[in-house]
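Heads up, the thing below is written out as structure tokens.
The values are calculated or read from the model by the stated rules, or taken from the named source; none is laboratory data. Given the structure is predicted, the values throughout are model-derived calculations rather than measurements. Heads up, the Cβs are rebuilt from the backbone with ideal geometry, glycines too, and the neighbour counts pull from every protein chain shown.
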């Protein structure tokens, strides 16, 4: 297991950065003001304000996708791709911090631990072992 983690270390770290970027991008979309979207798309200034509201999320999300592409070239796909599921863990943590109205349940916390355990088990299971 440790050998696999060492072998894929760079890719795993990059995938964690990617997963965090994906979660932050989604959080930024959540913060975007999309109220009165029907009215906004009827004028040029409304379309510009809509694009400016969602652009930060797309930029951060695109950075995450670019980092993921680089990460996938740094190790085994079967080890690295499951690390991407850490975006769910990061999304839960970020929503607990930045979205006080979001309710975090015990079942969600258990799910986070299951995801993290799965990532560790799969990340440690290189085909060479």
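Of note:
- Matching entry among 67, 79, 89, 112 (being at pLDDT 95 or above and touching a helix residue (DSSP H, G or I) at 6+ places or on another chain (Cβ under 6 Å)): 67
- Residue pairs whose Cβ atoms lie under 7 Å apart, sitting 6 or more positions apart in sequence or on different chains, and linking a residue in the range 68-85 that is at positive phi and surrounded by fewer than 19 Cβ atoms within 10 Å (Cβ to Cβ) to a partner that is assigned to a helix (DSSP H, G or I) and at pLDDT 90 or above, do not occur here.
- Look at (1) at pLDDT 90 or above; (2) out of contact with any helix residue (DSSP H, G or I) (no Cβ under 6 Å at 6 or more places or on another chain) and you find that residue 23 fails only one, number (2).
- Here the range 3-20 is the region considered, the condition is being in contact with a helix residue (DSSP H, G or I) (Cβ under 9 Å, 6 or more places away or on another chain) and either on the phi > 0 side of the Ramachandran plot or free of Cβ contacts under 8 Å to residues at least 60 places away in the same chain (or both), and the residue that is surrounded by the most Cβ atoms within 10 Å (Cβ to Cβ) is 17.
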